[in-house]
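What follows is calculated from the coordinates using simple rules that are stated; it is not laboratory data. Not measured: the values here are computed from a predicted model. Cβ sites come from the backbone with ideal geometry, for glycine too, and all protein chains shown count toward neighbours.
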Amino acid sequence: MNRPCEVVVISADLENRHTIAETLARLEVDSICISTVGQYREVAENEIKLVFCDVHLPDGDYRDVVAATGSAKKAPNVVIMAKQLNSDNYHQAKLSGIFEAIPTPCRPTDIEWMVILAKKQHRSQALAALQSAR
């Protein structure tokens, strides 16, 4: 699985993966869809900018995904997808290292907004790196 991609979608829900992949394709964003943390670990070393991830997966949860992203050279932003996420769980997830959370079923506007925010953050980080190199 050494295929370049900007976004990884990790969800056991086939319909949700399909919805997100269609939205990303319309945005001309390269993506790969998988269903487990184990599959993510196989692709985590690639240049990934954004990860959409279910809170619970067949072989773990979003914290396992965040841990696997920590080993990457440039850690991608992890967005969790949840049917319900109360403020305590959201706060705990933010402390665990997630970028943001969106509701499921995922709406195209939420997906697009996460892509925009992630690109903006990556541009800011790249600019900061250039400025510090001077």
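Take every DSSP beta bridge whose two residues both sit in the chain, then give the antiparallel share in percent to the nearest 5.
Approximately 10 percent, going by the DSSP bridge assignments.
Ordered by residue, what ³J(HN,Hα) values in Hz, to whole numbers, does the stretch 103-111 give under the Karplus form 6.51 cos²θ - 1.76 cosθ + 1.60, where θ = phi - 60° and Gly and Pro are x?
Computed from phi, the couplings for the stretch 103-111 are x, 10, x, 6, 8, x, 5, 5, 5 Hz.
Return the whole-Å distance between the Cα centroid of the stretch 26-48 and the Cα centroid of the stretch 55-134.
13
Could you give me the ³J(HN,Hα) list for the stretch 9-25, computed from phi with Karplus coefficients 6.51, -1.76, 1.60 and θ = phi - 60°, whole Hz, x at Gly and Pro?
Result, ordered by residue: 10, 10, 7, 7, 8, 4, 5, 5, 4, 5, 4, 5, 4, 5, 5, 5, 4 Hz.
So if we plug the beta-carbon distance of residue 89 and residue 134 into 1/(1 + (r/R0)^6) with R0 = 30 Å, what FRET efficiency do we get, rounded to 0.05?
Efficiency for this residue pair is about 0.10.
With springs only between Cα atoms under 10 Å apart, run a GNM on the chain and tell me which of 89, 16, 46 wobbles the most.
Result for the chain, Cα springs under 10 Å: 89 fluctuates most.
For the chain, what is the relative contact order in percent, using Cα pairs closer than 8 Å and at least 6 residues apart in sequence?
Relative CO of the chain lands at 23 percent.
Please give the helix 87-96 orientation as an angle from the longest Cα principal axis of the chain, in degrees from 0 to 90, rounded to the nearest 10.
Roughly 40 degrees between the two axes.
So what are the ³J(HN,Hα) numbers for the stretch 28-43, from phi and the Karplus equation (6.51, -1.76, 1.60; θ = phi - 60°), rounded to whole Hz, Gly and Pro as x?
Once θ is set to phi - 60°, the couplings for the stretch 28-43 become 6, 10, 5, 8, 9, 10, 9, 10, 9, 5, x, 5, 5, 4, 5, 10 Hz.
In square nanometres, what is one fourth of the surface area of the convex hull spanned by the alpha carbons of the stretch 55-134?
6.2
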